[in-house]
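The values are calculated or read from the model by the stated rules, or taken from the named source; none is laboratory data. What you are looking at is a predicted structure, and each value in this text was computed from that prediction instead of being measured. All Cβ positions, glycine included, derive from the backbone under ideal geometry; neighbour counts span all protein chains shown.
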Amino acid sequence: MDKQNNKSKEIKSEYHKTDKKSLYVGGVVVFLIAITPFLFYAYESFPSSQVWETSFFTYHTAFFDWYTFAWHFFGKFIPLYLLLLWFFTCKHWWHWIILIPIAMYAFQLWGIINESNNLDELELYYIIPLMMVLVPAVYLIRAKLFNKIRGNDLQEFEEDLMTKKTLWQQVKDLFR
C-alpha cells in the first residue's frame, strides 16, 4: 500500500512540476503576443527625416525617411515575429508549412533593411525553391499519416506512386 501511495505522490509531484513549467512558458508566450501592438506602433517614435541624430550616433537613410522606414520595418517584422512564435509553439504535424510565410516575410524584411527599391517584388523567386521542398514533404507526411490511420500498408502507397497517371488523374487522387 505504501508503494502505491509513494508512486502516486511521485506522479503528482512530477505532474505539478511540468504543470508549473507549462504555465511559465505559456505566460511568456502570452506576454510576447500581448506586446505586439506596442511593438507595431513603435514606428511613431522615429523622426520624419532621412537623418537621425542623437548624442550617441548619426544615421542616414538612402530612400526613406526614418518614419517610413520604421513603418515598413515593423509592418514586416510583427507578422514574422508572430509566425515564428506560432511555428515554435505549434505541436501539429503540419507546422513545417508555416516556414513558407516565415521565409516570405524574412525576405521582405531583408529587402527593407537593405533599402531595396523593389520592395515586395522578388521574394517569390527566392521562396519557390523552399516551396518545392516543403510542400511535397508535408504532403508526403500527410499521406503517410492518413495511410496509417486508414490501415493501408506502405507497399500499396508506393505502388500507387509508381503507376503512371495523367495530370487529371493525379489531381483527382489529391481529393479522394
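Annotations
- Residue that is farthest from MET131 (Cα to Cα), among those in region 47-79 that are exposed (fewer than 15 other Cβ atoms within 10 Å of the Cβ) and small (Gly, Ala, Ser): SER55
- Put simply, of PHE69, PHE77, PHE73, PHE63 the only residue that is more than 28 Å from the chain's Cα centre (by Cα), among the hydrophobic types (A, V, I, L, M, F, W, C) and more than 25 Å from VAL138 (Cβ to Cβ) is PHE63.
- Matching residues in region 59-95 - criterion: being assigned to a helix (DSSP H, G or I) and of a type in the set (Lys, Arg): LYS76
- Test: residue in region 94-111 that is exposed (fewer than 13 other Cβ atoms within 10 Å of the Cβ), more than 22 Å from the chain's Cα centre (by Cα) and at pLDDT 80 or above: no
- Some residue of region 118-125 being outside any loop (DSSP other than H, G, I, E, B), at pLDDT 85 or above, under 30 Å from HIS72 (Cβ atoms) and of a type in the set (Ser, Thr, Tyr): no
- Filter result for PHE56 (at pLDDT 75 or above and outside any helix (DSSP H, G or I)): yes
- Taking the criterion of being of a type in the set (A, V, I, L, M, F, W, C) and not in a helix (DSSP H, G or I), the residues of region 21-53 that qualify are ILE35, PHE46, VAL51, TRP52.
- Whichever residue in region 80-93 is in contact (Cβ under 8 Å) with a residue 12 or more places away in the chain and among the aromatic types (Phe, Trp, Tyr) and, among such residues, is surrounded by the most Cβ atoms within 10 Å (Cβ to Cβ): TYR81
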